[in-house]
Amino acid sequence: MTNNPLPPNQQLVRGDRWPVVGERHPGETDSPWTLEICGCVHRSLTFSLDLILAMPHVTRQIDVHCVTRWSKPAMTFTGVQLHDLLHDGDTPLWTDKAKVVSFVARSERNHSTSLLLNEMLDLDPMIALQADGSPLATEHGGPIRMVVPGKYFYKSVKWVRRIEFLSEERLGYWESEAGYHNGADPWREERYMAPTLTKQEALRVIEARDFSGRDLRSINAAHRDLTKLNASEALLRHADFRSSNLQDANFRGANLSNANLQLADLRGACLANADLEGADLSGADLRGCDLRGASLFGASFYQPDSNDASKLSAVIDHTTQFDVASLDALVEQQKAYVLNAIESDS
Ligand SMILES: Nc1nc2c(c(=O)[nH]1)N[C@H]1C(S)=C(S)[C@@H](COP(=O)(O)O)O[C@H]1N2
Ligand SMILES: [Mo]
């Protein structure tokens, strides 16, 4: 373990856990793995996996920080320095036109992400083949993935198959689809772009109490009366529901990842099958709330370092419904808090 501090609002994953985030399978796997270097380059190159395996390997300790608030410090990655693939001796492969580097995955949606060329040179990414001493598992990007230190982990593409030099920015998958911040600096908490919604639009849907199926990322719905809100299947990443009355609200299947639900009244609400990764439920009232099937990686239910712990501890009792297995996704002290709350009530 390194003793690096954690970036703001990140939590340690438990023990040797390593959550799988995003795609779980590469696309087509019948043809051999290759890695192509193209775009604004003096000449395009294609490396076979064998060629990459035959290159000098390095082993580095890298801290992993996921945007959904879990961190796994000091992972050990073994692989090839990206620098070595991108230089012919000391000469860079890219031309003067190159400003941005795009990493594209072999996956059904051609998943991608990008870095500014200057950033890439500073951060010194690697092409990982092994993690913590074992070959990379398929769901973690095996046989080859990018590992970019110093950025939220969405900048590290799994199953990398193409590295393309561009003269201008091309936003990646999460950056364009989910509104993730293109900067992705965990120390500056660059998690999300500014909201896409206008104030008037937000007020209109809040008034109607119907969010169902809508894309309302980053909506500010704090301190509102939203009793019986219908928000099933809504896209509510990074939404702010602080201190709102959400009694009997329906969030079934909604995406609430990184949403702020601090001190919200969720009595009788349905959060079944919701995505609550990185959501903050500290101090929320969860009596009679249904959280079965919800995904809870990085979620929090109390704030251990709050000045007034009683205020920022979720109210949980025997009427709060959880799948016990889903609590495994929580970091140690969060899981202990929830289990203790359920037990002390029964
Ligand atoms: N091809 C591909 N790469 C990807 C993703 C994805 O969905 N597809 N998700 C990204 C995100 S958001 C994260 S946090 C990490 C997760 O890697 P892991 O599943 O190995 O933890 O991969 C990144 N790379
Ligand atoms: Mo992520």
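Do we find that residue 203 is surrounded by fewer than 22 Cβ atoms within 10 Å (Cβ to Cβ), outside the structural domain of residue 262 (by TED's automatic domain parsing) and away from ligand 1 (no atom under 15 Å from the Cβ) in this structure?
Here the answer is no, as residue 203 does not meet what is asked.
Select the strands (runs of 3 or more DSSP E) contained entirely in the range 65-184, then report the ones holding at least 2 residues which are closer than 29 Å to residue 297 by Cα and hydroxyl-bearing (Ser, Thr, Tyr).
70-81, 112-116
If a residue has to be surrounded by fewer than 21 Cβ atoms within 10 Å (Cβ to Cβ), within 20 Å of residue 98 (Cα to Cα) and within 16 Å of ligand 2 (Cβ to nearest atom) to count, how many in the range 159-179 make the cut?
Here the count works out to 1.
Residue by residue through the range 114-149, note down the ones that are over 23 Å from residue 176 (Cα atoms), surrounded by 15 or more Cβ atoms within 10 Å (Cβ to Cβ) and among the hydrophobic types (A, V, I, L, M, F, W, C).
121, 126, 127, 128, 129, 131, 136, 144
What is the one condition in (1) in the same structural domain as residue 268 (by TED's automatic domain parsing); (2) assigned to a helix (DSSP H, G or I); (3) surrounded by fewer than 19 Cβ atoms within 10 Å (Cβ to Cβ) that residue 223 does not satisfy?
The one condition residue 223 does not meet is (2).
Name the residues in the range 20-38 that are within 16 Å of ligand 2 (Cβ to nearest atom), out of contact with any Ser or Thr (no Cβ under 6 Å at 6 or more places or on another chain) and farther than 18 Å from residue 186 by Cα, would you?
Once the filter is applied, which keeps residues that are within 16 Å of ligand 2 (Cβ to nearest atom), out of contact with any Ser or Thr (no Cβ under 6 Å at 6 or more places or on another chain) and farther than 18 Å from residue 186 by Cα, the range 20-38 yields 20, 22, 24.
Does residue 253 qualify as being assigned to a loop (DSSP other than H, G, I, E, B) and under 24 Å from residue 340 (Cα atoms)?
Against the criterion (assigned to a loop (DSSP other than H, G, I, E, B) and under 24 Å from residue 340 (Cα atoms)), residue 253 does not qualify.
Please determine, by comparing only the residues of the range 39-69 that are within 16 Å of ligand 2 (Cβ to nearest atom) and out of contact with any Pro (no Cβ under 6 Å at 6 or more places or on another chain), which one is farthest from residue 158 (Cα to Cα).
69
Answer yes if at least one residue in the range 277-288 is under 23 Å from residue 343 (Cα atoms), free of Cβ contacts under 8 Å to residues at least 24 places away in the same chain, in contact with a strand residue (DSSP E or B) (Cβ under 6 Å, 6 or more places away or on another chain) and not in a loop (DSSP other than H, G, I, E, B), and no otherwise.
Yes: the range 277-288 contains one or more residues that are under 23 Å from residue 343 (Cα atoms), free of Cβ contacts under 8 Å to residues at least 24 places away in the same chain, in contact with a strand residue (DSSP E or B) (Cβ under 6 Å, 6 or more places away or on another chain) and not in a loop (DSSP other than H, G, I, E, B).
Would you confirm whether or not the range 154-162 contains a residue that is aliphatic (A, V, I, L, M) and either closer than 30 Å to residue 59 by Cβ or in the same structural domain as residue 219 (by TED's automatic domain parsing) (or both)?
Within the range 154-162, one or more residues are aliphatic (A, V, I, L, M) and either closer than 30 Å to residue 59 by Cβ or in the same structural domain as residue 219 (by TED's automatic domain parsing) (or both).
The values are calculated or read from the model by the stated rules, or taken from the named source; none is laboratory data. Worth saying up front: this structure is predicted, and the values here are computed from it rather than measured. Note that we place each Cβ from the backbone using ideal geometry, even for glycine, and neighbour counts take in every protein chain shown.
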